[in-house]
Amino acid sequence: MVHRVGIFALGALLAVVAGFWLFADGGQGLPGASIEKVGQQTAGRSVALPEEVAGSSSAGDSVPPLPRDERISDIEVDGSVRVDMNGNLVLDPSLRRFLDFYIGLTGDQVHGEALRQRLAAEMRRRGISAPVQLEVLEILDNYLAYRGASEALAVRRSGNVEDLQAVLDELQDLRRKHLGPDVAEGFFGAEEARLRLMLDRQRILADESLSGHERDQALAQVDRLLPEFSVQTRRRSEAVVSTSLRVSEMREQGASEEEVRAVRLDAYGPEATQRLSRLDEQRAHWQSRVAEYRRQKSLIDQAGGLTAEDRQAEVEALRVRMFEAEHERRRISALDRAGDDDA
């Protein structure tokens, strides 16, 4: 069981290394976007101000909309722009989350100029000084370049710890190349350190030369270096995986749904168990619909006297009749193309 959980954790770790930033802010959460003085000093920069930053804030400010603005009408802006006691910009994960929040509003393609104007207007509204505004916009440009360069790494998939280590090394190099050492360390330094410790855990789990006692000692030593929230998150993840594997094995052995429910109640509590039961029902209903669709599609495929175009038209009509939602039709079409029997 430990080995199977370790494999799952390794796959989850790759998602983090590839750029999904599960541990961006230590799990603590910070207040919404704001200007805030803190006791940390960072190096300031002296640069000329662009027109959109130099202007003063006013009620008449007009900024172009971003494609996903309608999704945040009741959502507080994530992250913050903070300065230290000397008025210098603090380079931290909260600033990165502030940039990510607005980048996320641009959809699939970043609308660079509209994004810059939107950030500038938000910072003006919050009383952030013009030099700090400019520094944030310069970091934005560099951050967008880094995100673009890192996309190729995000699609890598491997079960080899050394390959994951190589991906993390490449990401670290990209960050410092595009962002500079100070911004890269502020945005990602703590996260990188945690990920390296997690990779150390995976190496220990994969080391078959260790006895059980030696493995436990080595893991405990690594865990002492991890922040408590990371240890608790990992333990919860392993518990979820362990319970999921147990449920799968129980069902393969013919266990009843009441027996499955009892195991879930013990592991997750009543609310999560109820949500999982609803998901099971939805999954079973979907699979039943897929089975009926495939039965009827098979009749069309076997019917004589139809041209290829007529047969395809019949299949398309069947999809429309059986799957009203567009996302369901896309899903069943993808399953047909893949020839995948696992719905």
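The values are calculated or read from the model by the stated rules, or taken from the named source; none is laboratory data. The shown structure was predicted, so the numbers you read here are calculated from the model rather than taken from an experiment. No Cβ is skipped: glycine too gets one built from the backbone with ideal geometry, and neighbour counts run over all protein chains shown. Accessible surface areas use protein heavy atoms only, side chains included; no ligands, DNA or RNA. Shrake-Rupley method; radii C 1.70, N 1.55, O 1.52, S 1.80 Å.
Checking Glu271 against (1) under 23 Å from Val240 (Cβ atoms); (2) surrounded by 10 or more Cβ atoms within 10 Å (Cβ to Cβ), only one condition comes out false. Which one?
Among (1) under 23 Å from Val240 (Cβ atoms); (2) surrounded by 10 or more Cβ atoms within 10 Å (Cβ to Cβ), the lone unmet condition for Glu271 is (2).
Consider Gly87 against the criteria (1) in contact with a helix residue (DSSP H, G or I) (Cβ under 8 Å, 6 or more places away or on another chain); (2) surrounded by 16 or more Cβ atoms within 10 Å (Cβ to Cβ): it satisfies all of them except one. Which criterion is unmet?
For Gly87, the exception is condition (2).
Do we find that Asp216 is over 30 Å from Ala145 (Cβ atoms) and either open to solvent by 70 Å² or more (accessible area, probe 1.4 Å) or out of contact with any helix residue (DSSP H, G or I) (no Cβ under 8 Å at 6 or more places or on another chain) (or both) in this structure?
yes
Among (1) modelled with pLDDT of 90 or more; (2) within 20 Å of Glu191 (Cα to Cα); (3) open to solvent by less than 40 Å² (accessible area, probe 1.4 Å), where does Val161 come up short?
(1)
From Arg337, Arg278, grab the single residue that is modelled with pLDDT under 85, open to solvent by 70 Å² or more (accessible area, probe 1.4 Å) and of a type outside the set (Asp, Glu).
Unique residue meeting the criteria: Arg337.
How about the stretch 285-308: which of its residues are exposed (fewer than 11 other Cβ atoms within 10 Å of the Cβ) and at pLDDT below 90?
Result: Gln302, Gly304, Gly305, Thr307, Ala308.
Can you say whether Leu99 is touching a Phe, Trp or Tyr at 6+ places or on another chain (Cβ under 7 Å), within 22 Å of Val63 (Cα to Cα) and either open to solvent by 50 Å² or more (accessible area, probe 1.4 Å) or modelled with pLDDT of 90 or more (or both), as far as the supplied structure shows?
Against the criterion (touching a Phe, Trp or Tyr at 6+ places or on another chain (Cβ under 7 Å), within 22 Å of Val63 (Cα to Cα) and either open to solvent by 50 Å² or more (accessible area, probe 1.4 Å) or modelled with pLDDT of 90 or more (or both)), Leu99 qualifies.
Could we say that Arg116 is in a helix (DSSP H, G or I) and open to solvent by 20 Å² or more (accessible area, probe 1.4 Å) here?
Criteria met by Arg116.
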